[in-house]
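The values are calculated or read from the model by the stated rules, or taken from the named source; none is laboratory data. Small disclaimer: the values here were computed from a predicted structure and weren't measured. Because the Cβ atoms are built from the backbone with ideal geometry, glycine has one as well, and the counts that use them run over all protein chains shown. SASA here: full protein model, heavy atoms, side chains in, ligands and nucleic acids out. Shrake-Rupley method; radii C 1.70, N 1.55, O 1.52, S 1.80 Å.
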Amino acid sequence: MIEQVRSFNRAVTQRVGALNDAFLSRGRPLGQARLLWEIGPAGIDVRLLRSRLDLDSGYLSRLLRSLENDGLVAVEQSQADGRVRTARLTARGRAERAELDRRSDEVAASILQPLSARQRTRLVTAMAEVERLLVASTVQVAVSDPRHPDARACLQAYFSELSQRFDGGFDPARSISADDAELTPPAGLLLVATLHGEPIGCGALKFHRDAPAEIKRMWVAPAARGLGLGRRLLTELEAHAAAHGAGTLRLETNRTLAEAIGLYRASGYREVAAFNDEPYAHHWFEKTLEPAPGPAGPPARP
C-alpha cells in the first residue's frame, strides 16, 4: 500500500507540473504560485495561511518575501493587533493570480481531453474520492483542555446545533452535566479534532469508579461530515475508555440525531432501557469493550 501511495504521488506531481522550477511557465515554483492562490483577492492572516498549508514559518516567510520582492504581495501588520500580519495581493499580484488561474484551467483541460467521456467521469469521480480521503488523513485528534479556545468553539457549535435541531431547543443547564472539571483527567477527557489548525469536531468521556463510562459531546462540523470523523472519534474514545479500565460504555441521544443513532448501531452499540433521566434523550445505548492490550509478559519456558 505504501508503494502504491508513492507511485500515485510521483504520477500526480509529474502530470501537474510540480517538478518544474517555473510552474505553468510563469518563472516561479509551485510553492509561490500556490501562495498567490491561497491569499486570494481578500487577503489572509499569515498564521491562518501557515496552518492551512502546513508550512514551516521560516519557509513561509521566505516565500512571502520573494513574492513581495516581485511586487505581487504586501504583508502588513494589523492595526488592531500588532502581532497579527496579513498578506494581500497587489494589483500585479491579482493579475498574476488570474493568469495562473487561466493556465491551471488549461492544464486541467489537457488532462481530460485525451480521455473518453466515460474515462473523464471515472477520473473526476476518483479524484473527488482521493481528495476526500486525503483530507480525512490530515485531520488530527488529540486530548484537549476543555477550556482551550478550540474546545470552546466546538462545544459552542455543538450546543447551537442541538438548539436548532431539537424540538423546543436545547438548554445545557437542563441536561446532565459534562462540565470542564468532569472532562479533565482523571475525571474524564475531551478529544478535539482539527483540520489545518481549525477545530472541526469533538467527543468526550466521563469516568465513574463503580459504573460504566459515558460518552458525551459527540459533534462533527457540517463541513467535515463525510470524512469518517465521527467513527474515528468514537473509536478513539473507546480506546481511551478501555485504557482507563472501563469495561462498558454508555451514551444517550435524541431521536432527531438519526445519523448519530446509525453510527452507534453500526459500531456495535445496543439499545438498552433508560439508565438516566436525561430530559433530551429518547434512546440509550451500551457497548461492552475489549480490554486494552497490556504489556507483553515474559517469554514462555521451553
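Residue pairs whose Cβ atoms lie under 8 Å apart, sitting 6 or more positions apart in sequence or on different chains, and linking a residue in the range 98-123 that is farther than 22 Å from Arg26 by Cβ and in contact (Cβ under 8 Å) with a residue 40 or more places away in the chain to a partner that is surrounded by 11 or more Cβ atoms within 10 Å (Cβ to Cβ) and hydrophobic (A, V, I, L, M, F, W, C), do not occur here. Looking at Pro114, is it open to solvent by 60 Å² or more (accessible area, probe 1.4 Å), of a type outside the set (A, V, I, L, M) and over 27 Å from Trp37 (Cβ atoms)? Against the criterion (open to solvent by 60 Å² or more (accessible area, probe 1.4 Å), of a type outside the set (A, V, I, L, M) and over 27 Å from Trp37 (Cβ atoms)), Pro114 does not qualify. Restricting the range 248-267 to residues that are surrounded by 13 or more Cβ atoms within 10 Å (Cβ to Cβ) and among the small types (Gly, Ala, Ser), the residue that is farthest from Leu190 (Cα to Cα) is Ser267. Determine whether Gln156 is open to solvent by 80 Å² or more (accessible area, probe 1.4 Å), touching a strand residue (DSSP E or B) at 6+ places or on another chain (Cβ under 9 Å) and under 18 Å from Leu190 (Cα atoms). When the stated conditions are applied, Gln156 does not pass them.
A quick yes/no check of all residues on (1) touching a strand residue (DSSP E or B) at 6+ places or on another chain (Cβ under 9 Å); (2) open to solvent by less than 40 Å² (accessible area, probe 1.4 Å); (3) of a type outside the set (Gly, Ala, Ser):
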position: Arg52; (1), (2), (3): yes, no, yes
position: Leu55; (1), (2), (3): no, no, yes
position: Val73; (1), (2), (3): yes, yes, yes
position: Arg83; (1), (2), (3): yes, no, yes
position: Gly93; (1), (2), (3): yes, yes, no
position: Ala108; (1), (2), (3): no, no, no
position: Glu129; (1), (2), (3): no, no, yes
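Highlighted here are the strands (runs of 3 or more DSSP E) found entirely within the range 190-302 that include at least 1 residues which are within 19 Å of Ser177 (Cβ to Cβ) and either of a type in the set (Phe, Trp, Tyr) or at pLDDT below 95 (or both): 213-220, 283-288. In the range 162-178, the residues that are surrounded by 15 or more Cβ atoms within 10 Å (Cβ to Cβ) and assigned to a loop (DSSP other than H, G, I, E, B) form Cβ pairs under 7 Å with partners that are among the acidic types (Asp, Glu) and at pLDDT 95 or above, at six or more places apart or across chains, as follows: Ser175/Glu278; Ile176/Glu278. Within the range 244-257, the residues that satisfy the criterion of being within 15 Å of Arg165 (Cβ to Cβ) and either over 22 Å from the mean Cα position of the chain (by Cα) or basic (Lys, Arg) (or both) are Thr253, Asn254, Arg255, Thr256.
If you filter the range 224-243 down to residues that are open to solvent by 20 Å² or more (accessible area, probe 1.4 Å) and touching a strand residue (DSSP E or B) at 6+ places or on another chain (Cβ under 7 Å), you find that the one that is nearest to Ser160 (Cα to Cα) is Arg232.
Close Cβ contacts (under 8 Å, 6 or more residues apart or on different chains) running from residues in the range 200-215 that are without any contact (Cβ under 8 Å) to a residue 24 or more places away in the chain to residues that are open to solvent by 10 Å² or more (accessible area, probe 1.4 Å) comprise His208/Glu214.
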